[in-house]
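Everything on this sheet refers to the single structure shown next.
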Amino acid sequence: MSSSDQGFIGAQGRRAEFPATHWTVVLAAGDSAGPGMAEALEELCRAYWPPVYAFVRRQGHGPDDALDLTQSFFARFLERKQVKLADPDRGRFRSFLLSSLKSFLANDWARAQAEKRGGGRSFLSLDEQREAETHFLAEPAEPSASPDQAFEKRWALTLLDQVLSRLRDESAATGGQEHFDALKVFMWGDQTAVSQVETAAKLGVTPNALGVSVHRLRRRYGELLREALARTVVGENEIDAELRHLIEVIGS
C-alpha cells in the first residue's frame, strides 16, 4: 500500500458515528437467549474464519484437518461461552481469539479429531469454508512467516475484501457496477499497470472525468475502511493505531 493510499484512507470518516465493535458482537453471540444471535455468529465467523484457518494451516495441518479444526474451534469457543471470560479493556478482540485458538490446538487436538466439523454445527456454507484454503494457497509462500503472522495478514486481507465488497454493493445499488469493476484497480497499490486513458475510452468518458470518479471511490473506500476498523477496537481513539497496524501487516 503506497503512501498516497495511506493518506486517502487515513483522512476519511473521522467524525462518523462509532459503531458496535466485534467485542459487542461476540458478547451478544455468547448470550444464547439474546436477540440476533444468528446474525452475530455469522458476522463473527465471516470476519475471523479465514485468519483462524490460515493459522491452523501454518501450524502444519492439511486442508481437511484445518477445516475440521477451524469449525470445531468456533463451535467450542461459543458453546463454552469463553466470550464471558473476555474483557474489552484487555485489548484487541482478535488477540483474545488467537490466545483461545492456541489453547484449543494445544489441549483439544485429540478430541477434535474424533468430531466431525464441530459436532455438525455449521456457521458458514462449505464453499465459504473451503474458500479459506483458496486464499491460503494464493498467497505467496513465506517459509519464515509464523502462524501468528499468517493470522494477522489473513485478518487484514479479509477486512479489505469485506470493505471492497461493501463498496461494490453500494455501486451496484446505484447502477455503477460496470464502472466500479473497471475502476477498482486504481484504488490502491501499483496503478501504473493499467492506463487510465485506455480505461476512460472503454467507458466512454474523458480521462478527467475518470480521475474524478477514481478519487470519489478512493475517498468512499477510506470511509468504509475506517468504519470497519472501528468495529475491531474498543474506542474511536484507537482507529488510527489499528489502521497503521493494518498497513504494516499488509506491507510485510
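The values are calculated or read from the model by the stated rules, or taken from the named source; none is laboratory data. Treat the numbers as computed from the prediction; the structure is a model and nothing was measured. Every residue, glycine among them, receives a Cβ derived from its backbone with ideal geometry; neighbour counts consider all protein chains shown. The area values use the complete protein model at the heavy-atom level, side chains included, leaving out ligands, DNA and RNA. Shrake-Rupley method; radii C 1.70, N 1.55, O 1.52, S 1.80 Å.
For this structure, a couple of remarks:
- The residue pairs whose first member lies in segment 34-60 and is closer than 19 Å to residue 166 by Cα, whose second member is loosely packed, with under 15 Cβ neighbours inside 10 Å and modelled with pLDDT of 90 or more, and whose beta carbons are closer than 9 Å, counting only pairs six or more residues apart or on different chains, do not exist in this structure.
- Residue that is modelled with the highest pLDDT, among those in segment 13-29 that are surrounded by 14 or more Cβ atoms within 10 Å (Cβ to Cβ), small (Gly, Ala, Ser) and assigned to a loop (DSSP other than H, G, I, E, B): 13
- Evaluating residue 216 against the criteria (1) surrounded by 15 or more Cβ atoms within 10 Å (Cβ to Cβ); (2) within 30 Å of residue 155 (Cβ to Cβ) leaves one unmet condition, (1).
- Residue selection: residue 232 satisfies the criterion of being polar (S, T, N, Q), closer than 30 Å to residue 155 by Cβ and in contact with a helix residue (DSSP H, G or I) (Cβ under 6 Å, 6 or more places away or on another chain).
- When the residues of segment 229-241 are filtered to those that are open to solvent by 20 Å² or more (accessible area, probe 1.4 Å) and hydrophobic (A, V, I, L, M, F, W, C), the one that is modelled with the lowest pLDDT is 234.
- Options 169, 161, 148; residue that is at pLDDT 85 or above, within 13 Å of residue 53 (Cα to Cα) and surrounded by fewer than 19 Cβ atoms within 10 Å (Cβ to Cβ): 148
- Cβ-Cβ contacts under 9 Å between residues 6 or more apart (or on different chains), taken from a first residue in segment 233-252 that is hydrophobic (A, V, I, L, M, F, W, C) to a second residue that is exposed (fewer than 12 other Cβ atoms within 10 Å of the Cβ), are listed as 233/241; 234/89; 239/14.
- Residues that are farther than 29 Å from residue 145 by Cα, part of a helix (DSSP H, G or I) and hydroxyl-bearing (Ser, Thr, Tyr) do occur in segment 183-206, at least one of them.
- All positions within segment 92-116 that are among the small types (Gly, Ala, Ser) and at pLDDT 80 or above: 95, 99, 100, 103, 106
- Subset of segment 30-54 that is of a type in the set (Ser, Thr, Tyr) and touching a Phe, Trp or Tyr at 6+ places or on another chain (Cβ under 8 Å) - its residue that is modelled with the highest pLDDT: 53
- So residue 200, is it crowded, with 18+ Cβ neighbours inside 10 Å and either touching a Leu at 6+ places or on another chain (Cβ under 7 Å) or over 19 Å from residue 156 (Cα atoms) (or both): yes
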